[in-house]
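Working notes, beginning with the structure itself.
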Amino acid sequence: MSKDEVGVVVIGLGFVGGRAHAPSFARIEGSNVVAVSDIVPEAADRLVKKYECKYYRDYKEALDDPDIDAAVVSTPTPYHYEIASEALSRGKHVLCEMPLTSSIELSERLAKEADESGLILLPVLNFRFTPNYVKAKEILREGALGTPMAFTFREHIPAKELAMQWPLSSWAWDAKKSGGLPDYTLSVWSIDLLRWLFETEIESVRWQSSYNELQGVDNFKGYQTVGVVKLENGAVGTLQYGATVGEGLGTSRLEVYGSNTKTLEAIWNNSVKIMETSESIDEWTFAEKGPRVWGHRQTDEYFVECILDEIAPSFGPKDAIIAQRVSRNIVK
Ligand SMILES: NC(=O)c1ccc[n+]([C@@H]2O[C@H](COP(=O)([O-])OP(=O)(O)OC[C@H]3O[C@@H](n4cnc5c(N)ncnc54)[C@H](O)[C@@H]3O)[C@@H](O)[C@H]2O)c1
C-alpha cells in the first residue's frame, strides 16, 4: 500500500466495537479512525467527540468515503455478511468480528469474495493475541509439558452481566439470524484457541447443553454447555461455557496436563503458571489494560500491519469457518 496510514471506519459501536475496536484504532500508529457508523446515533456521540471523526448512520455512505481504506465490522452477527461483502466490493479491507457470518454457507461465500478481491478479510480471533495465551503457546512449543495429554477450558459469565449485554430480546438469542445462541457465539474463540495452541485439528466434539430460567434474572435464560473434545494429536479435553453464576463469580480458566506430570494453568488473561508440584510453580503475570487484555488491540495492530506492509495474514476466514463448523452442533 502506497499510503502510510490506514483510514478506518468502525461499523457497529456496541460492546466490542465501541469499547475495544474504536479506541484501539484511534491509538495504533499507522491507523486513523476516519469515521464511525451505527444505526443508533447516540451510540456514536461519545466517539465522534473523542476522536473528532465523521459519523455515518448508513454504513454504505461510509464505504463511499475515499479516506476510508478498511472497515471494521462489529455489528451483531446477522449483519456481518452484508456489510463485509459490500465493503470488499468497494475495495475496502475488512476486519470482521466473530462468528464471521450467520451461517457456514455465507462465511464460505464471503471467504471466496475476499479471495477474488485480493483484499484482506481478517476474522477477530483475538485469543491468538491474548498475552497469557501467547506465553502458553510458547511454553508448549518449548516442550515444557512433554506431550500435552489433556486440557480443560471453562468460561463462566455472571448471568446478570450477560443479561444486560444480551437480553432475550437481543440478536444473540435469535439462532436463525445469528447461527446459534450465546453459548454458540461465545464458543468460537476458545475452539480456535485449541487449534492454534496445540497446532492440530479437532477430530471430534460432542456437545451437551442445559438451558433454564434463572431465579432473580429477568429477560434471560441461563445455560451450561459442555463439549467433550478429541484432538487429532491424541489429546482429549473439555470445553465449558456457562452463564448461571452470580455477580463476581465469572471465570475463565485453561488447564493443560502434560506427559511429564506438569500442569499449565492460564487464569483469566493475566497469568500463566507451570506447576510441577504444589511447591514448585513458575508463574508469569501480565498487567495489560483496556483492549489489550484480551488481545483486541493486538489483533487490530496486526490488521493494520498486514495492510501497510502488504503481508498475507497468518490466519483468516478458513480458521473462522472451522470454528463455526465445530460449534454448530451446540445449536442442536
Ligand atoms: N471478539 C470478542 O471478544 C467479542 C466480544 C463480544 C462480541 N463479539 C462479536 O461482536 C459482534 C457485536 O457484538 P456486541 O456484543 O458488540 O453487540 P452489541 O449489540 O453490543 O452492539 C452492536 C452495535 O451495532 C449496531 N448496529 C446494528 N445494526 C447495524 C448496522 N446495520 N449498521 C451499523 N450499526 C449497526 C447496534 O446499534 C449496536 O450499537 C458480534 O458478532 C459478537 O459475536 C466479539
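The values are calculated or read from the model by the stated rules, or taken from the named source; none is laboratory data. Owing to the predicted nature of the structure, the values given are computational and were not obtained by experimental measurement. Every residue, glycine among them, receives a Cβ derived from its backbone with ideal geometry; neighbour counts consider all protein chains shown. For the accessible areas, the whole protein counts, side chains as well, though only heavy atoms, and no ligand, DNA or RNA atoms are used. Shrake-Rupley method; radii C 1.70, N 1.55, O 1.52, S 1.80 Å.
For segment 244-254, 3J(HN,Hα) computed residue by residue from phi via the Karplus equation (6.51, -1.76, 1.60; θ = phi - 60°) reads 10, 7, x, 4, x, 10, x, 9, 9, 8, 10 Hz, glycine and proline entered as x.
What net charge do the residues around Val236 carry, taking every other residue with its C-beta under 10 Å from that of Val236, with Lys and Arg at +1 and Asp and Glu at -1?
Values: positive: Lys230; negative: Glu203.
With Lys, Arg at +1 and Asp, Glu at -1, the net is 0.
The GluC sites (Glu not before Pro) of segment 1-51 meeting both criteria, a DSSP state outside H, G, I, E and B (loop) and at most 14 other C-beta atoms within 10 angstrom of the site's C-beta, are Glu29.
How high is the relative contact order of segment 60-186, in percent, counting Cα pairs under 8 Å that sit 6 or more residues apart? Walk me through the numbers before you get to the answer.
Working: 140 pairs, mean separation 28.3, N = 127.
Once divided by the residue count of segment 60-186, the mean separation gives 22 percent.
Annotation for segment 213-304: GluC sites (Glu not before Pro) lying in DSSP loop with at most 10 further Cβ atoms inside 10 Å of their Cβ are Glu247, Glu279. Taking only the C-alpha atoms of the chain, Rg followed by Dmax gives 19.9, 61 Å. Normalised by the number of residues in the chain, the mean separation of alpha-carbon contacts (under 8 Å, six or more apart) gives a relative contact order of 21 percent. Between the helical axis of 317-327 and the dominant principal axis of the chain, each derived from Cα atoms, what acute angle in degrees is found, rounded to the nearest 10? The angle comes out near 50 degrees. Helical runs assigned H by DSSP (4 residues or longer) give the chain a calculated mean residue ellipticity at 222 nm of -9500 deg cm²/dmol, each run adding -39500 (n - 2.57) before division by the residue total.
Which GluC sites (Glu not before Pro) in segment 75-169 sit in a loop by DSSP (not H, G, I, E or B) and have at most 12 other Cβ atoms within 10 Å of their own Cβ?
Values: sites: Glu82, Glu86, Glu97, Glu105, Glu108, Glu113, Glu116, Glu138, Glu142, Glu155, Glu161; in loops: Glu97, Glu142.
Filter output for segment 75-169: Glu142.
Each of Thr147 and Arg19 was given a label point 7 Å from its Cα along the Cα-to-Cβ line. The distance between the two points is 4.2 nm. Rounded to the nearest 10 degrees, the angle from helix 182-198 to the longest Cα principal axis of the chain is 70 degrees. Surface exposure of segment 131-290, expressed per residue as accessible area with a 1.4 Å probe, stands at 48 Å².
DSSP beta bridges confined to the chain are antiparallel in about 60 percent of cases.
With +1 on the Cβ of every Lys and Arg and -1 on the Cβ of every Asp and Glu, and nothing else charged, how large is the dipole of segment 131-290 about its Cα centre, in debye rounded to the nearest 20?
340 debye
Net charge within 14 Å of Ser107 by Cβ-Cβ distance, Lys/Arg positive one each and Asp/Glu negative one each, not counting Ser107 itself? Net charge around Ser107: -3.
By a 1.4 Å probe calculation restricted to protein chains, His93 has an accessible surface near 30 Å², given to the nearest 10.
If you place +1 on the Cβ of every Lys and Arg and -1 on the Cβ of every Asp and Glu, how big does the dipole about the Cα centre of the chain come out, in debye to the nearest 20? Walk me through the numbers before you get to the answer.
Working: 35 positive and 48 negative charges, 162 e Å.
Using Cβ point charges on Lys, Arg, Asp and Glu, the chain gives about 780 debye.
Relative contact order of segment 268-320, taken over Cα pairs closer than 8 Å and 6 or more residues apart, is 22 percent. If you model segment 1-150 as an ellipsoid using its alpha carbon gyration tensor, with each semi-axis the square root of five times an eigenvalue, the axes come out at 29, 19, 16 Å, biggest first.
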